[in-house]
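Rule-based calculations on the coordinates, nothing more; no lab input. None of the values given here were measured: they were computed from a predicted structure. Cβ coordinates were reconstructed from backbone atoms using ideal geometry, including for glycine residues, and neighbour counts include every protein chain displayed.
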Amino acid sequence: MEKLKKTGMKQTPQRLAIMHHLEGNKCHPSAEDIYKSISPKFPSMSFATVYNTLENLKDHGLIKELTIESGKKRFDPDTSDHHHLICVKCKKIVDLPQEIQLQQKALTTAGVIKGFRILSTQINIYGLCPECTKTSS
Ligand code: ZN
Ligand code: MN
């Protein structure tokens, strides 16, 4: 919660709940997902509050936005450079295992490819997750 203080954002109970929900969260939730899981505790909280909080946290570099589905942003509290496996059926997003992060060294922010200095990376690998593989066979 120190992180929140540093941004100068007010520590409202709603914001803290959103931060708590995201801390260590590996599910890459959307704003809708976060709203659904937190709103029972804060019935008066609007979706706009959740959305704006996420935008604020993103602008302050505390979370990352994944642009995977157009029109449905997903959020990742892990702001390190890492890549994702995405299920095309259920839209599950999983971190690519560390040992197969693609040429991670070349893709760090210090890297240069074809003369392009890398500022950020977002590599998406699409497929079917184990559950969807089972149900589609
Ligand atoms: Zn799936
Ligand atoms: Mn991730």
**OP:** Please provide three numbers in whole Å: the alpha-carbon extents of the chain along the principal axes, with the largest listed first.
**Re:** 47, 43, 25
**OP:** Can you bin region 38-84 into rounded, prolate or oblate? Criterion: square roots of the alpha carbon gyration tensor eigenvalues sorted a ≥ b ≥ c, rounded for a/c under 1.5, prolate for a/b above b/c, oblate for the rest.
**Re:** prolate
Original post:
Do you know the relative contact order of the chain, to the nearest whole percent, from alpha carbon pairs under 8 angstrom that are 6+ apart?
Top reply: 20 percent
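Just to be sure I understand: of the beta bridges DSSP finds with both ends in the chain, what percent are antiparallel, rounded to 5?
On the way: 10 of 14 bridges.
Here the share of antiparallel DSSP bridges comes out near 70 percent.
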Original post:
Hey, rough spin-label estimate for THR7 and HIS60, points 7 angstrom out along Cα→Cβ, what's it come to in nanometres?
Top reply: 0.5 nm
Original post:
Which of rounded, prolate, oblate describes region 2-76, given a ≥ b ≥ c as roots of the alpha-carbon gyration tensor eigenvalues and a/c under 1.5 marking rounded, otherwise prolate only if a/b is larger than b/c?
Top reply: oblate
Original post:
Hey, which of these cross-link pairs are over 21 Å Cα-Cα: LYS72/LYS92; LYS36/LYS72; LYS3/LYS36; LYS3/LYS26; LYS5/LYS58; LYS6/LYS58?
Top reply: LYS3/LYS36
**OP:** Treat the count of other C-beta atoms within 10 Å as a stand-in for reagent exposure and order PHE47, PHE42 from fewest to most.
**Re:** PHE47, PHE42
Subject >> Nitroxide proxy distance, nm - points 7 Å out along Cα→Cβ at ILE113 and SER44 >> reply: 4.9 nm
Original post:
If the label point is 7 Å along Cα→Cβ of TYR51, which residues in region 1-40 have backbone nitrogen under 15 Å from it?
Top reply: 30-36
Subject >> the chain, helix-only ellipticity at 222 nm - DSSP H runs n ≥ 4, -39,500 (n - 2.57), divided by all residues, nearest 500 >> reply: -8500 deg cm²/dmol
